[in-house]
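Asks: Below is the structure I would like to discuss, written out as C-alpha cells.
The values are calculated or read from the model by the stated rules, or taken from the named source; none is laboratory data. From a predicted model like this one, the values you see are computed outputs, not experimental measurements. Backbone-built Cβ (ideal geometry, glycine too); neighbour counts: all protein chains shown.
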Amino acid sequence: MMKNQNICNISFFIIAGVVICVAFLNRPEVSSGMDQVEQNTRITETEHSKKSVVHLYFSDKDNSFLKAETRDLFHSDNPAEFGKKIIEALIEGPKTGLMRTIPANTTLKAFYITRDGTAYVDVSDTIRDAHPGGVKSELFTIYSMVNSLTLNIPEIDAVKILISGKEAMTLDGHIDMRFPFKANMLLIR
C-alpha cells in the first residue's frame, strides 16, 4: 500500500512538472510584453502632453528692455518638466527679430522646484564664458530666465541660478546672484 502511494506521489510530481514546463515554454515572450507596456506608456505620455502658449523674454534689438516672444510649447502637467522646456527654448534663442539673452552653446544641466516655489536652474559654464558682458546684458540674461519661468508657471515664485552645480557670486561681475530672483516687470516692454 505504501509503495502504491509513493508511486502515485512520484507520478503526480512528474505530471505537474511536465505541465509547468509546457506552460513555461508556451508563454508569450517577456520582452515583447515589456515592449508593449513601454509602447503603451509612450502613447499615454504623448496623449497627456498639452500645448500651452508661453511668453519667452528676449532682449530687444537695442538691448534696452526685454520683450515677449509668444510660442506654443508641448509639455506635461509637471511644472519642473515645463520649466525645463522653457529654459531650453530660451537657450535655443528667439525666432523673431529679438536678440538672444543666453549664449548659444549653453546647456541646461538640471532643473528642479522646491516646495517653497523656488526654481533652481543649473546651467553650464558657457553662460559665463561666452557672455557678452555689461550690466544690461547680465541683467537681461538673468531676468529672461526669471520672468519666463515665474510668469508662465504659477508654481514658481522665484528663481535661483546655478552655474555647473555651484552658486555663483555674479554672472559677469555685476549682478549679485547669491539669492533667488523674483519677476521684474519693469524690464519688460
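Asks: Working only within segment 55-66, note down all residues that are surrounded by fewer than 17 Cβ atoms within 10 Å (Cβ to Cβ) and under 21 Å from the mean Cα position of the chain (by Cα).
Replies: H55
Asks: Going through A110, A158, A130, A168 one at a time, which residue ends up being among the aliphatic types (A, V, I, L, M) and either outside the structural domain of L73 (by TED's automatic domain parsing) or touching a Lys or Arg at 6+ places or on another chain (Cβ under 6 Å) (or both)?
Replies: A158
Asks: Just checking, how many residues over segment 52-66 are more than 16 Å from I188 (Cβ to Cβ) and without any contact (Cβ under 8 Å) to a residue 60 or more places away in the chain?
Replies: 1
Asks: Is it the case that some residue within segment 135-151 is over 21 Å from N63 (Cα atoms), surrounded by 21 or more Cβ atoms within 10 Å (Cβ to Cβ), out of contact with any Pro (no Cβ under 9 Å at 6 or more places or on another chain) and modelled with pLDDT of 95 or more?
Replies: yes
Asks: Go over the candidates T118, T114, T101 one by one and state the one that is crowded, with 19+ Cβ neighbours inside 10 Å, among the polar types (S, T, N, Q) and modelled with pLDDT of 95 or more.
Replies: Sole residue among the options that is crowded, with 19+ Cβ neighbours inside 10 Å, among the polar types (S, T, N, Q) and modelled with pLDDT of 95 or more: T101.
Asks: When the residues of segment 67-95 are narrowed to those that are free of Cβ contacts under 8 Å to residues at least 24 places away in the same chain and outside any helix (DSSP H, G or I), which ends up farthest from the chain's Cα centre (by Cα)?
Replies: If we take residues in segment 67-95 being free of Cβ contacts under 8 Å to residues at least 24 places away in the same chain and outside any helix (DSSP H, G or I), then T70 is farthest from the chain's Cα centre (by Cα).
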